[in-house]
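The values are calculated or read from the model by the stated rules, or taken from the named source; none is laboratory data. Keep in mind it's a predicted model, so treat the numbers as computed, not measured. Note that each Cβ is placed from the backbone with ideal geometry, even for glycine, and that neighbours are counted across all protein chains shown. For the accessible areas, the whole protein counts, side chains as well, though only heavy atoms, and no ligand, DNA or RNA atoms are used. Shrake-Rupley method; radii C 1.70, N 1.55, O 1.52, S 1.80 Å.
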Amino acid sequence: LCFPQKLWKMLESSKFQSIWWSEGGKCVAIYKDLFEVEVLGREGQQVFHTQKMKSFIRQLNLYGFTKVQRDFQRSASLPEFLSEEAAASAHSQILYYYNPSFNRAHPWLLATCKRR
């Protein structure tokens, strides 16, 4: 299987907790630290041909995925700001990637997801 097909199969599998569909099936969400252990750190049964997050992200970029930034609204009060900051810090470990040809609702578009 090519990279996008492997990625699709992984997202549809219940074996992995570190990667899932987001935004109604339009984005790929990756919990970075867990993904490095659960997917890239697998012994013997490697899913992708790399053990480094940087190389995995390079593959995403080669297949037309772009990183989606998340903006958080901050409260003016200090206690609310501090609790939101803690949540944002945990949320920063989650990476979001988008490709218009990689959409859960339109699996036939996967064939158009080509390497640049």
query: Which residue pairs have Cβ atoms closer than 7 Å, lie 6 or more positions apart in sequence or on different chains, and pair a first residue in the range 12-33 that is over 23 Å from Gln45 (Cα atoms) with a second residue that is among the polar types (S, T, N, Q) and outside any helix (DSSP H, G or I)?
result: Gly25/Asn103; Lys26/Asn103
task: Find the residue count for the range 88-113, including only residues that are open to solvent by 60 Å² or more (accessible area, probe 1.4 Å) and either modelled with pLDDT of 90 or more or not in a loop (DSSP other than H, G, I, E, B) (or both).
output: 11
- request: Provide a single number: the residues in the range 1-33 that are more than 21 Å from Asn103 (Cα to Cα) and open to solvent by less than 60 Å² (accessible area, probe 1.4 Å).
  value: 0
